[in-house]
1. Confirm whether residue 107 is modelled with pLDDT under 90, assigned to a strand (DSSP E or B) and within 51 Å of the chain's Cα centre (by Cα).
2. Can you go through 249, 304 and tell me which one is surrounded by 15 or more Cβ atoms within 10 Å (Cβ to Cβ) and either closer than 28 Å to residue 98 by Cβ or under 46 Å from the mean Cα position of the chain (by Cα) (or both)?
3. How about the stretch 175-204: which of its residues are under 15 Å from residue 377 (Cα atoms) and surrounded by fewer than 16 Cβ atoms within 10 Å (Cβ to Cβ)?
4. Here are 221, 213: which of them is modelled with pLDDT of 90 or more, part of a helix (DSSP H, G or I) and either more than 21 Å from residue 398 (Cβ to Cβ) or in contact with a helix residue (DSSP H, G or I) (Cβ under 6 Å, 6 or more places away or on another chain) (or both)?
5. Evaluate the stretch 61-68: report whether one residue or more is in contact with a helix residue (DSSP H, G or I) (Cβ under 7 Å, 6 or more places away or on another chain), in contact (Cβ under 8 Å) with a residue 60 or more places away in the chain, surrounded by fewer than 20 Cβ atoms within 10 Å (Cβ to Cβ) and under 25 Å from residue 32 (Cα atoms).
6. Which numbered condition trips up residue 226, out of (1) closer than 26 Å to residue 41 by Cβ; (2) buried (at least 17 other Cβ atoms within 10 Å of the Cβ)?
7. Out of curiosity, is residue 125 buried (at least 18 other Cβ atoms within 10 Å of the Cβ), modelled with pLDDT of 90 or more and within 30 Å of residue 415 (Cβ to Cβ)?
8. Residues that are in contact with a strand residue (DSSP E or B) (Cβ under 8 Å, 6 or more places away or on another chain), farther than 17 Å from residue 126 by Cα and assigned to a loop (DSSP other than H, G, I, E, B): does the stretch 311-319 have at least one?
């Protein structure tokens, strides 16, 4: 059952992203969360930067592998050679021509090239995990911005409802005042309440605009046309267990996997540094033409060279020391990341559980506040209540609704953080 739940969570994130169109939204378009994430994965500049790093490391593998193959060089030269006698007179000069082709190849280097290739492959893997980490952060930022926009949209609805409720109360107060059953105070009190509510409505519209700008920025399209989004703040309780989440986080978190690849590469770097103590056997073949007049004389040679480092000023020792120190740094960073994952997972898990409980309480509070509002407004319509009672009940109801919106937002963002902590891939 645990495995099934985890699988459903990951598939829910992955499957919508594999089949959707990635056209940029136009003015008036409506997007869901998966479409926003897909656009971000295509357009965000930081992902392009991280992808560029992968290409750099791919090219470095090719550069190292070039040492497996022979190197062929062609050269040609011309010289005019002359001399001067002790008395200052010039002797005849000669023209010197030469052209040759040289082939060189490393025959045996005690595994130095193969070790370099393995190191670069591990470095490439690390850069891919780094790309996954950047991707996960982009997805998390989009989710947070998306849910924040939904919260501000719902809060704007609350502000509109509050304004309408105070408008109705003002109309009732004016009607009662005209027939003499209520004092002028009721009218002015309702007008002040309505004015304050209009200010809140204006602030809510401003917050909504800022939230949309934030979402577009998180998607990497800050200058794109405005669009609307689909509301998915509905509450669905998660049944994930803490141990399952921790195990998935240690297995899947890309920043940890990146450090593991870098650790393996650092261990190989120590071996590579030690190989500088060993000789290199290389072969050479050369064929060319040279002489002072055409046709030029032919010449060729073939041979092998064994190069052995007898003394290098202890540079190899210091390279080994550096590689070992780098390994210790990476191991320490790996321990730090594991501790951060443990903390992040536990915090995210607790936040999800707490937010779920807050939603239950907030829903009950809305029900109670609505009942209180109905009583207060009903009493006033019957001429028995006071405007202060109605205003308090109205504000309490809509504050409760805003609190529920906040609780739903907190749950969704906590759930997104938990998915990020698990290392779930988009």
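The values are calculated or read from the model by the stated rules, or taken from the named source; none is laboratory data. Note that the structure is predicted; figures quoted are calculated from it, not measured. Glycine also receives a Cβ, built like all others from the backbone with ideal geometry; neighbour counts cover every protein chain displayed.
1. Values: modelled with pLDDT under 90: yes; assigned to a strand (DSSP E or B): yes; within 51 Å of the chain's Cα centre (by Cα): yes.
The answer is yes for residue 107.
2. Answer to the check: 249.
3. 175
4. Values: 221 fails: part of a helix (DSSP H, G or I).
213 is the lone residue from the list that is modelled with pLDDT of 90 or more, part of a helix (DSSP H, G or I) and either more than 21 Å from residue 398 (Cβ to Cβ) or in contact with a helix residue (DSSP H, G or I) (Cβ under 6 Å, 6 or more places away or on another chain) (or both).
5. no
6. The one condition residue 226 does not meet is (2).
7. Judged against the criteria, residue 125 is a match.
8. Within the stretch 311-319, not a single residue is in contact with a strand residue (DSSP E or B) (Cβ under 8 Å, 6 or more places away or on another chain), farther than 17 Å from residue 126 by Cα and assigned to a loop (DSSP other than H, G, I, E, B).
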